[in-house]
Amino acid sequence: MLILLPPSEGKADAGTGRRLDLTRLCLPELTPAREEVLGALMTLCATGGSDAAADAALAALGLTAGQRGELARNARLDRAATAPAGQVYTGVLYEALGLATLPPGALRTARRTVLVSSGLWGAVRLADRIPPYRCPIGARLPGVGALSAYWRRVLSPVLTAAAGSGPVLDLRSAAYAATWTPPAELAGRTVTVRVLHERRPGERTVVSHFNKATKGRLVRDLLLAGARPRTATALIGALRDLKYPVEEQPVRAGRPRQIDVVVTEL
């Protein structure tokens, strides 16, 4: 099974270990692309104290004036201390996933099966050492252009190969899902998840903040249960066995399977 997660906007304040080494990250086929994107990001953020350059960099990254400190951090990423990606990402989903409290076997499975999408790295494993950074998928970088389009070209063969022959649980947000669409031959064993809040019978709304928390708990529960489904149907069955209220929705041929997880409490 392959589990795809989005990154978090929240990041750890600093790394704790050795400097970044792109050659030690997973999916080595992505190293040239990572080098290109990293170089473009650092160049953009090395403003030299110029207000005009800083404003342009903030705009390109979709950041606010109050986030100007992120530019200085981005400008020295090649010299920054790193930490495992599972510690760098600190948002709601990762808090609910609770990697630090998983038993050893479940943690090993997480490190083997989870890939985190990234506007800077393309995709990383939870154990890959990266520095904290700020580079949303909606950014445009000099010489690279729109990151979503850039990674869509690069990631397609790499993630298709990474999916192997088992099911894919795709929990990415829409912006990151745009960087890789499972090809037709893989779509039937890919499961996407939407979280709905049922306030009262028949009244449901799509949730955002708690969508992330639910997805984090969902992955944690699969890991704790030692689930090893070999098909998309078995994956959906495993979620139902874990008492998640799952409703599968009809989709067009050649599209990933879609399930709604209906929650009554957030």
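If you roll a 1.4 Å probe over the heavy atoms of the protein chains, what accessible area per residue do you get for the chain, in Å²?
Numbers: 12100 Å² over 266 residues.
Using a 1.4 Å probe on heavy atoms only, each residue of the chain averages 45 Å².
Give me the one-decimal nm value for the distance between modelled label points at ALA81 and THR43, 7 Å along each residue's Cα-to-Cβ direction.
Taking the simple label geometry, ALA81 and THR43 are separated by 3.0 nm.
What's the carbon and sulfur percent of the chain's accessible surface, probe 1.4 angstrom, rounded to a whole number?
Working: 6250 of 12100 Å².
It is 52 percent, rounded to a whole number.
How far apart, in nanometres, would the label points at SER165 and THR23 be if each is projected 7 angstrom from Cα along the Cα-to-Cβ direction?
Those two pseudo-labels are separated by 3.4 nm.
Once each part is reduced to its C-alpha centroid, what is the distance from the range 155-225 to the range 54-95 in angstrom?
25 Å
Here are labelled values, (1) 22.2, 67; (2) 17.4, 54; (3) 18.8, 58, and one is the computed Rg and Dmax of the Cα atoms in Å for what I pasted. Which one?
This structure yields the entry labelled (3).
Taking only Cα atoms and a 10 Å spring cutoff, compute GNM fluctuations for the chain and point out the largest among THR64, THR43, THR113.
THR64
Pairs of Cα atoms under 8 Å, at least six residues apart: use those to get the relative contact order of the chain, whole percent.
Once normalised by length, the contact order is 24 percent.
The values are calculated or read from the model by the stated rules, or taken from the named source; none is laboratory data. Every value quoted in this text rests on a predicted model; they were computed, and no experiment measured them. Note: ideal-geometry Cβ built from the backbone for every residue, glycine included; neighbour counts use all protein chains shown. SASA here: full protein model, heavy atoms, side chains in, ligands and nucleic acids out. Shrake-Rupley method; radii C 1.70, N 1.55, O 1.52, S 1.80 Å.
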